[in-house]
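These notes concern the structure reproduced below.
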Amino acid sequence: MGIIEVGISLKFAPKTNPEQTVGQIVDYYNRMEPSFLNVWQGACHFGYTEKGERFELKSALKTMEMRLGQELNLHLNSTVLDAGCGYARVATTMAQQFGLNVLALDLIQKRLDEAKRYAREQGVEEKVSLIRGNYCNMKKQIADFSIDGVYTMETLVHADPLETALSEFRRVLKPGGKLVLFEYSVPSYEKLDPIRRTITDAMVRKTGMPSIKFFAHGAFPKILEAAGFENIAMKDISHNVWPTWRWAFWRNLRENNLMLLPKILSGKIMKNTNLMAALMIYPYRHQLKYNIITATKPKD
Ligand SMILES: C[S@@+](CC[C@H](N)C(=O)[O-])C[C@H]1O[C@@H](n2cnc3c(N)ncnc32)[C@H](O)[C@@H]1O
């Protein structure tokens, strides 16, 4: 069974154009740079809060990164690939807290420049190698069977095509190597009503996230199995992410209070994708899931 048949039927499979997707991704992250740097402190992922713990952004972001390192569970000085590293907040934690050597790869040079500054400031410049590239085609940058672990933190939704990204992850991993994905899943695209489908389509275009349509709840094991991985396991940590979604919702509501209605009525809200997402995700939280997915490359 092809991956494309798993999360979404061929009838609804989006017709994508990888070059155009890259353009949409670059445009989205350039537009949202102030939000990611000033509000999200350079992390481009959600936070993890333990049940009963008081939410604090900085510590929630760090806890999420620590969760990733624990899931990788690799020896000191193992080599990992951070596919879609952004400003390397995660990569830096992997190097600092877990002693891993990180190949941190991203499409956007500006992000890598900030990543370099940050890794140096944190004293792990030597352990974080920054690489400009596309994780759907890393043949020039990363050799076959050279990596102990590959991870993604909230970036696989951008893969175009998804099959190619996963086969690249499999190619670079050593036999028995570990794959860890921290990714959300969504209700099946086919079951969405026309309004939600229109909103989803607009968000996909604005952010370059064509693969989100495949990430229906429960689809990841089949996706990874079809891509040749084994020992696939999944944990739902949505409840640990809700405090971050709630914080983002109220923060954006407060900051935009009187301006929100004019922004909605004039359509300007569509330009601020992070604002739109923050306002939509928390009220919609019961429909979304945040997952940790782990798998290994077969030994033979
Ligand atoms: C939501 S951010 C996550 C960044 C980082 N993982 C973190 O958690 O802070 C997604 C990142 O993936 C990068 N990206 C998206 N598609 C990519 C691709 N095909 N190859 C390399 N990087 C990609 C984007 O440029 C962006 O920096």
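The values are calculated or read from the model by the stated rules, or taken from the named source; none is laboratory data. Keep in mind that what you see is a predicted model, and the values were worked out from it rather than measured. All Cβ positions, even for glycine, are placed from backbone atoms using ideal geometry, and neighbour counts span all protein chains on display.
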**Request:** From (1) more than 14 Å from the chain's Cα centre (by Cα); (2) more than 25 Å from Trp245 (Cβ to Cβ); (3) crowded, with 23+ Cβ neighbours inside 10 Å, pick out the condition that doesn't hold for Met94.
**Result:** (2)
**Complete:** Filtering segment 120-139 down to residues that are among the aliphatic types (A, V, I, L, M), surrounded by 20 or more Cβ atoms within 10 Å (Cβ to Cβ) and within 13 Å of the ligand (Cβ to nearest atom) yields Val128, Leu130, Met138
**Request:** For residues that are among the small types (Gly, Ala, Ser) and within 15 Å of the chain's Cα centre (by Cα), scanning just segment 18-64, find the one that is farthest from the ligand (Cβ to nearest atom).
**Result:** Gly47
**Request:** Tell me which residues, restricted to segment 184-206, are modelled with pLDDT of 90 or more and not in a loop (DSSP other than H, G, I, E, B).
**Result:** Tyr184, Ser185, Val186
**Prompt:** Given the conditions (1) among the polar types (S, T, N, Q); (2) within 22 Å of Leu68 (Cα to Cα); (3) in a helix (DSSP H, G or I), and given that Ser129 satisfies all but one, which numbered condition is not satisfied?
**Reply:** (3)
**Request:** Kindly indicate whether any position in segment 66-76 is farther than 23 Å from Ala295 by Cβ and either within 11 Å of the ligand (Cβ to nearest atom) or in contact (Cβ under 8 Å) with a residue 12 or more places away in the chain (or both).
**Result:** no
**Prompt:** What are the residue pairs meeting all of these: first residue in segment 91-102, first residue more than 14 Å from Leu81 (Cβ to Cβ), second residue of a type in the set (Asp, Glu), Cβ atoms under 8 Å, and 6 or more apart or on different chains?
**Reply:** Thr93/Glu65; Gln97/Glu65
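Between Ile142, Ile147, which is over 28 Å from Ile237 (Cα atoms) and either at pLDDT 95 or above or crowded, with 21+ Cβ neighbours inside 10 Å (or both)? Quick ask: steps written out before the conclusion?
Numbers: Ile147 fails: over 28 Å from Ile237 (Cα atoms).
It is Ile142.
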